[in-house]
Amino acid sequence: MADQQNSKQATPNADHHPDMKIPDPAEVSKAMANIAERSQRLVSDFLARQAEHPEPAPTDLDPMHVGKAFMEMTARLMANPARLVEAQVSLWQDYMNLWQNTARRMFGEETSPVIVPDKTDRRFKDDAWHENEVFDFIKQSYLLTSRWLTNVANDVEGLDTKDAKKVEFYTRQFIDAMAPSNFLFTNPEVLRVTVESGGENLLKGLEHLLSDLERGHGRLRISMTNESAFEVGRNIASTPGSVVYQNDMMQLIQYTPTTEKVKSVPVMIVPPWINKFYILDLREKNSLIKWLVDQGYTTFVISWVNPDETLKDKSFDDYMLEGTLAGINAIQDATGASKVNAIGYCLGGTLLASTAAYLKATGQDRLNSATFLTTLTDFSEPGELGVFIDEEQLDALDERMQKAGYLDGGDMATTFNMLRANDLIWSFVVNNYLLGKEPFPFDLLYWNGDSTRMPAAMHSFYLHKMYQENKLIQPGGVVLQGVPLDLGKVDIPVYMLSCREDHIAPWTSTFAATNIYSGKVKFVLSASGHIAGVVNPPVANKYCYWTNNRKVKSPDAWLKGAQQHEGSWWTDWNEWCAPLSGPDVPALQPGSGKLPVLEAAPGSYVKIRAV
């Protein structure tokens, strides 16, 4: 009996994983030596290229001022040693329970785990994380420590609110980075593949790493998808249409009708200029743009330019003048319609709200209705993006943007990726660099990597006036073209779509606008997040949405009385917008009005890449 127990303790995985190859240290050492020899030339070549174009050393080693926040947290912790000791004792007890459970399990007993990962946590999906005692111990140790660190960081009394959010955010970044799944010798899947391939996965991973460094000109730009699998205008952003107007800031695309009759009031889509418009036109089956055309809407979309240093002085005013206002004027020339039903997405929605207030203040009746998709107008609670907004960080960012003339698209991409680091950073580190796999061709991730730059003047204004000072909701707080804006005077019909799991524009914050506009407002809440909750075609029948016809002050009260509907919010929007769209008229082909066709959709502006 003792011999059987000793045998089970020596090879704990034998009963669970008969086909799993336990790494032989000699084989691993041989594979690693082979990798080092074969990769030496690759590294030398890369370093030589980097020497020709070195990056300047940073003048501020802590531009995010993270260290200051953690120093303040440490001081607060040390001021209450009793609570810190209590936390340490709690962690020690958890570890003791884990040790005991692991020991009992290695002797053949059935035990329940001390802690289990969240059901949505895909880092520990490999069977060995659960069936192998060693890796199960590593996993649970990490989860216990993560929980302890999170609780300690979130339970510091007297910490400034901004510092507390910064500590919480960067503690999570550290926790995510230190996951055992991110390292060769603590990831069972990577170990297994390394032995089976003789280390070929690591060599391929090194080649992927070097390629990503080269693609980013010395900065790591993680490949999230096989970019060669997609081409804008061929298999994404391929809804037929034509560019009928352009200026320095944008191209206006008019889409080819698919119905003989169309609604007389056209639709103008104002996408964000952080990333590109074709998130709404990825593929035929999930294209909101194509769906609108098929419902009989004459559909126009603004395709923003990807700015460089020559446009550094372009302001938020310019985005209104040469974007939304120029778009409305061009649509009138193209169709004869004096009004549009406008749809603004994210930052595009913030611009649309500003435009609506400007038009109201100047007595121009140009908008028939406004639809806001995941749009912030009250920035008092901007979610985790607020971590990046404080005086010190904005000053440093302003200095960088003034030197370059713009904010680099890669900086924006990194910021948004950090909000979901496990999904958008570390999963690709494991897949591309440790497993040596090629990224899977995924159109959404291709779009996500097609980043855009931000003009210095515009972005500085947006961050300071909106995020930092929250001036847009204050009557007269924001002035465009010398006109003070007052969102409270916007009295056109408004449809607001927010997403319950949105980490960029939290729905509890976007909801505030329902109490700002003076016209009739319909608020709709979609399941899922900032992208998937919006790009949710009816044919997919994937996510539900909620509505509530009662006007209430708080988001909690709204949700408590809301009715859940299966399917897509798109059909609900159509029922709302169709009565506001006028009688049917014969469809117009692009170029048949006063504006000639300049080029085929999706145009040339969208094809300018930042990286």
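Here are the numbers:
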| quantity | calculated |
| --- | --- |
| For region 527-611, with +1 on Lys and Arg beta carbons and -1 on Asp and Glu, the positive-most of 588, 538, 605 along the dipole | 605 |
| Where Cα atoms sit under 29 Å apart: lysine pairs in region 69-173 separated by 8 or more or lying on different chains | 6 |
| Debye log10 I(q)/I(0) at q = 0.26 Å⁻¹ for region 418-489, Cα point scatterers | -1.16 |
| Anchor residue 339: lysines whose Cα lies under 19 Å away (excluding residues fewer than 8 positions away in-chain) | 261, 263, 360, 489, 520, 594 |
| Cleavage-rule hits, GluC sites (Glu not before Pro), region 81-136, DSSP coil, Cβ neighbours within 10 Å at most 12 | 109, 110 |
| Separation between Cα centres of region 244-315 and region 493-551, rounded to whole Å | 21 |
| Whole-number percent relative contact order across the chain, with pairs defined as alpha carbons under 8 Å at least 6 apart | 17 |
| Sites matching trypsin sites (Lys or Arg not before Pro) across region 478-541 that sit in DSSP coil, with at most 15 neighbouring C-beta atoms within 10 Å | 520 |
| Enclosed volume per residue, in Å³, of the convex hull spanned by Cα atoms of region 373-475 | 129 |
| Fully extended contour minus Cα-Cα distance, from residue 155 to residue 329, at 0.36 nm per residue | 57.2 nm |
| Inter-label distance for residue 464 and residue 147, nm, one decimal - labels placed 7 Å from Cα along Cα-to-Cβ | 4.7 |
| For region 346-352, Karplus couplings with θ = phi - 60° (6.51, -1.76, 1.60), whole Hz, Gly/Pro x | 6, 4, x, x, 4, 5, 5 |
| Between helix 409-418 and the chain: long-axis angle, C-alpha atoms, 0 to 90°, nearest 10 | 60 |
| Distance cut-off 20 Å, percentage of C-alpha pairs in region 149-266 lying past it | 73 |
| Using a Förster distance of 22 Å, the FRET efficiency for residue 70-residue 501 (Cβ separation, nearest 0.05) | 0.20 |
| Rounded tilt (10° steps) of 161-177 against the dominant C-alpha axis of the chain | 50 |
| Centroid-to-centroid separation of region 74-133 and region 348-406 [C-alpha atoms, Å] | 44 |
| Highest average packing first - 239-251, 393-405, 271-283, Cβ atoms within 10 Å | 271-283, 239-251, 393-405 |
| Range of Cα positions in region 75-181 per principal axis (Å), largest first | 49, 29, 18 |
| Loop-located GluC sites (Glu not before Pro) in region 534-611, at most 14 other Cβ atoms within 10 Å (DSSP) | 566 |
| Residue 78-residue 515 FRET efficiency (beta carbon distance; Förster radius 60 Å; 0.05 resolution) | 0.90 |
| Nitroxide proxy distance, nm - points 7 Å out along Cα→Cβ at residue 559 and residue 85 | 4.0 |
| With Cα atoms, 0 to 90° folded angle of helix 81-106 axis to the chain main axis | 60 |
| Residues of the chain: accessible area per residue with a 1.4 Å probe, Å² | 46 |
| Residue list for region 158-188, given a label point 7 angstrom along the Cα-to-Cβ vector of residue 395 and an amide N cut-off under 18 Å | 162-163 |
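The values are calculated or read from the model by the stated rules, or taken from the named source; none is laboratory data. What you see is a predicted model; the values in this text were computed from it and never measured. Note that each Cβ is placed from the backbone with ideal geometry, even for glycine, and that neighbours are counted across all protein chains shown. Keep in mind that these areas ignore ligands, DNA and RNA; they rest on the heavy atoms of the full protein, side chains included. Shrake-Rupley method; radii C 1.70, N 1.55, O 1.52, S 1.80 Å.
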